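The values are calculated or read from the model by the stated rules, or taken from the named source; none is laboratory data. Computed from a predicted model, the values in this text were never measured in an experiment. Here Cβ is always computed from backbone atoms with ideal geometry, including for glycine, and neighbour counts include all displayed protein chains.
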Amino acid sequence: MARQSPIRRLHQVAEASVLTYGPADHPSGAVEVVETFGELELEYAALRKHCVLLDQPHRAVVEVAGRDRIDFLNRMVTQELKGLPPFRVRRSFWLNKKGRIDADLRIIDLPSRTLLEMDVHAAERTAKGLAGFIISEDVQINDWSERTHRLSLHGPSALDLISAVAQNAHGADASGPAFGELLPDRACVVRLFGAETVVFREDSCGEVGLELIVPLKHALNVYQQLLEAGHDRTHDEGGTSSGLSTTRRELSTRIKLKPAGWHAFNIARVEAGSPMYNIDFGPESLPAETGLLADRVSFTKGCYLGQEIVARMHARGHPKQVLVAVKFESKRDEETGLPRQPVTGSQLTPAGSAEVVAQVTSSTLSPMLGSAPIALAQAKFEHCQPGTVLTAVCDDEPIKGVVQQHLTFFRRADAAPRSGD
């Protein structure tokens, strides 16, 4: 049985198509996520032009509390946390003793606690692993996977929507930047429809991205209320929105929110060059292989778990393989009329050779690049330099691709740049 979202029944009523995320044999089980609500092109267009609401049951949160928490975490993870002010976000890896990546973290520091946001399949081992290193420190580790739920808003009007419906929170963490100042890698705590909600910004689709951590018991209501507040009813059946207040009607017309699924998000995040744990790299990967080394690892901080392997790899100069972006030529399929797309798992070879030197980890046809096939791929270091020509085979047809300068194919000027851009 796949792990289910508290919003699943609403998705069923909407006749959404679903898929499973993650391995079924993992202790957390595979996770059921919405693929699309049946209007993929409209969902993607809303993400780029207006705003989409995503249900994210495949994400999880671990809470770290106690007065020694930042000092403790700084000795555990790859990123520098010393001097980290409240309401800031740092991205980091949590490694095992062999230097392999046990979790790809978003570390959100609040006045009374620090939250670690990650793939749900990494939450249990991260919580248990960190707890095993506590000796005498005032630190408590709590796996909040079953207490919180993750939603997100992506698109140019996302900030406008949250600004219109958010209220001031109460308690120790009830402050932070105003929404007009919610820059990338910053966080705040607000009340959304009665639920204390942590909001942090990460522009993983190349647009404004707001990630919401909501108490599980409030997740369905927050999701429904956001849809009600932001959904554009101009083209609804009957052409009326008379049931809404004037304020909400004006808000929904301006925001034009649309529920979206994994497929639209995946197209946008590949275009934005945002690799994902358990998809583009995973538990067997070294930090240097992810294409995210500069964004996740500090080489000037003190010791941390797995540092020796990271330092040794850095001193060597390069890993055996690294994640790269590849843009392919457009060769139309006669039946579909669309360009042929090298899919996940497609093997890539260099010119004039049958040697497999790279493998596609994620791919899509990019609407922002005229439907050009693009991909993220793990490539041997000797074949990862920008300008390198690699060939995939799609339906017995060779398709040439070129390794790009950066992971990013497309990103708005006002969105946060990815590391290495």
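Pairs are defined by a Cβ separation below 8 Å, a sequence spacing of at least 6 or placement on different chains, a first member in segment 369-382 that is not assigned by TED's automatic domain parsing to the domain that holds residue 45, and a second member that is β-branched (Val, Ile, Thr) and in a helix (DSSP H, G or I); the pairs so defined are 374/270; 375/270; 376/270.
Condition check: assigned by TED's automatic domain parsing to the domain that holds residue 173, modelled with pLDDT under 95 and more than 30 Å from residue 183 (Cβ to Cβ). Does residue 241 satisfy that? I'd like the intermediate steps shown before the answer.
Details: assigned by TED's automatic domain parsing to the domain that holds residue 173: yes; modelled with pLDDT under 95: yes; more than 30 Å from residue 183 (Cβ to Cβ): yes.
Yes: the conditions hold for residue 241.
Take segment 1-19 and flag every residue that is within 18 Å of residue 123 (Cα to Cα) and at pLDDT 85 or above.
Just the residues of segment 1-19 that are within 18 Å of residue 123 (Cα to Cα), to begin with: 2-5.
Residues satisfying the conditions are 4, 5.
Pull up segment 96-109, narrow it to residues that are touching a strand residue (DSSP E or B) at 6+ places or on another chain (Cβ under 6 Å) and closer than 14 Å to residue 78 by Cα, then point me to the one that is surrounded by the fewest Cβ atoms within 10 Å (Cβ to Cβ). That would be 96. Assigned by TED's automatic domain parsing to the domain that holds residue 251, under 26 Å from residue 269 (Cβ atoms) and outside any strand (DSSP E or B), is that true of residue 43? Considered against the rule, which asks whether it is assigned by TED's automatic domain parsing to the domain that holds residue 251, under 26 Å from residue 269 (Cβ atoms) and outside any strand (DSSP E or B), residue 43 comes out as yes. Among the strands (runs of 3 or more DSSP E) confined to segment 110-185, the ones with at least 1 residues that are buried (at least 21 other Cβ atoms within 10 Å of the Cβ) and of a type outside the set (S, T, N, Q) are located at 114-119, 140-143, 148-154.
Within segment 371-421, the set of residues being at pLDDT below 95 and basic (Lys, Arg) comprises 411, 412, 418. Within segment 309-331, residues that are closer than 19 Å to residue 96 by Cβ have Cβ atoms under 7 Å from residues that are loosely packed, with under 14 Cβ neighbours inside 10 Å and at pLDDT 90 or above in these pairs: 309/98; 314/299, counting only partners at least 6 apart in sequence or on another chain.
Any residue in segment 67-85 that is touching a residue at least 12 places away in the same chain (Cβ under 8 Å), small (Gly, Ala, Ser) and farther than 17 Å from residue 95 by Cα? No; the residues of segment 67-85 include none that is touching a residue at least 12 places away in the same chain (Cβ under 8 Å), small (Gly, Ala, Ser) and farther than 17 Å from residue 95 by Cα. Taking the conditions (1) of a type in the set (A, V, I, L, M); (2) closer than 16 Å to residue 270 by Cβ; (3) surrounded by fewer than 13 Cβ atoms within 10 Å (Cβ to Cβ) in turn, residue 372 satisfies each one other than (3).
A count restricted to segment 46-82 and to residues that are of a type in the set (Lys, Arg) and either in a helix (DSSP H, G or I) or within 19 Å of the chain's Cα centre (by Cα) (or both) stands at 4.
Scanning segment 269-303 for residues that are within 11 Å of the chain's Cα centre (by Cα) and in a helix (DSSP H, G or I) yields a count of 2.
Where residues in segment 35-75 are among the aliphatic types (A, V, I, L, M) and surrounded by fewer than 20 Cβ atoms within 10 Å (Cβ to Cβ), which of them is farthest from residue 308 (Cα to Cα)? Outline the logic, then answer.
To start, the set of residues in segment 35-75 that are among the aliphatic types (A, V, I, L, M) comprises 40, 42, 45-47, 52-54, 60-62, 64-65, 70, 73.
Restricting the remaining residues to those that are surrounded by fewer than 20 Cβ atoms within 10 Å (Cβ to Cβ) gives 40, 42, 45, 65, 70.
Details: 40: 45, 42: 48, 45: 45, 65: 28, 70: 21 Å.
Here the answer is 42.
Looking across segment 343-369, the residues that are more than 14 Å from residue 383 (Cα to Cα) and among the hydrophobic types (A, V, I, L, M, F, W, C) come down to 343, 365, 368, 369.
Screening segment 369-411 for strands (runs of 3 or more DSSP E) wholly inside it with 3 or more residues that are out of contact with any strand residue (DSSP E or B) (no Cβ under 9 Å at 6 or more places or on another chain) and closer than 17 Å to residue 321 by Cβ returns no ranges. Looking at segment 344-368, which of the residues that are at pLDDT 95 or above and not in a strand (DSSP E or B) is farthest from residue 273 (Cα to Cα)? Among those that are at pLDDT 95 or above and not in a strand (DSSP E or B), it is 355. Scanning segment 273-305 for residues that are out of contact with any His (no Cβ under 9 Å at 6 or more places or on another chain) and of a type in the set (Ser, Thr, Tyr), we see that the one that is surrounded by the fewest Cβ atoms within 10 Å (Cβ to Cβ) is 300. Annotation: residue 181 fulfils all but one of (1) without any contact (Cβ under 8 Å) to a residue 24 or more places away in the chain; (2) touching a Lys or Arg at 6+ places or on another chain (Cβ under 8 Å); the unmet one is (2). Contact map, segment 334-347: first residue surrounded by 10 or more Cβ atoms within 10 Å (Cβ to Cβ), second residue of a type in the set (Phe, Trp, Tyr) and modelled with pLDDT of 90 or more, Cβ cut-off under 7 Å, separation 6 or more or different chains; pairs are 342/328. In the set (1) crowded, with 22+ Cβ neighbours inside 10 Å; (2) among the hydrophobic types (A, V, I, L, M, F, W, C); (3) more than 21 Å from the chain's Cα centre (by Cα), the condition left unmet by residue 195 is number (1).
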